[in-house]
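Contents: one structure, followed by commentary.
The values are calculated or read from the model by the stated rules, or taken from the named source; none is laboratory data. As the structure is a prediction and not an experimental result, all values here were calculated from the model. Here the Cβ positions follow ideal geometry from the backbone for every residue, glycine too, while neighbour counts run over all protein chains shown. Just so you know, the surface numbers come from the protein's heavy atoms only, side chains and all, with ligands and any DNA or RNA stripped out. Shrake-Rupley method; radii C 1.70, N 1.55, O 1.52, S 1.80 Å.
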Amino acid sequence: GDDINLDAHSSVFNFKRQGSEMVRLTAGASSPIIWHTYQDDYDTKWTDYDGTLQLFLEHGGNVGIGTTAPDQKLDVRGHLQLKSTSNSAVEIIGDSNRSGADSSITGLLGYWNGTKVADMLIVTGDDTTNKDNAGFIFRTATAGSVAERLRIADDGKVGIGTNAPEALLHVEGTDDFP
């Protein structure tokens with residue numbers, strides 16, 4: 001049958017179904033609380049008292065907040081707030097060991113109802129040995145096709161309409177300045 005066992009000496013809760021261990025919750029005085037699931041096809045949900053979903057762990061490893069179908073490692077449906085309550089900055093860190101020049105390290109991507117409409121990318125510079133330089137690319141979409149509009153190169157040169165700025169401000173295009 002189904003049963004729940006508590007071993008007070010080792011601080012272990014076992015949840016069993018028909019004699020097979022399904023979940024084990026372990027907590028010790030000097031160790032963190034550990035949640036083990038023993039069935040590969042079971043997801044884990046945390047809900048409010050009224051059943052409102054708060055957190056969802058998919059058996060494949062994805063985490064959903066506000067969704068039971070997370071599309072990425074962390075999928076948050078709704079607003080995301082990063083806030084520091086001390087005298088320090090809030091930082092988002094993207095660390096990638098790319099091997100080629102002009103490869104995206106970190107990106108902020110904007111979608112409108114599933115269609116990518118803009119992004120900002122931090123890209124690798126040309127020093128692929130030391131990996132110590134980078135640039136910024138800003139892209140927007142016209143009719144659903146995202147294209148580079150502005151680039152800040154690793155040497156500080158800004159290009160509008162060019163991906164290889166040759167001056168501090170390099171503008172290419174056929175439009176006149178007002």
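In the assembled protein chains, residue 146 presents an accessible area of approximately 40 Å² (probe radius 1.4 Å). Here the average projected area of the convex hull drawn through the C-alpha atoms of region 45-178 stands at 13.6 nm². Within the assembled protein chains, the solvent-accessible surface assigned to residue 74 is about 110 Å², based on a 1.4 Å probe.
The loop-placed chymotrypsin sites (Phe, Trp or Tyr not before Pro) in region 48-119, going by DSSP, that have at most 16 neighbouring Cβ atoms within 10 Å of their Cβ come out as 49.
Sorting 155, 127 by solvent-accessible area of protein heavy atoms yields 155, 127, largest first, with a 1.4 Å probe.
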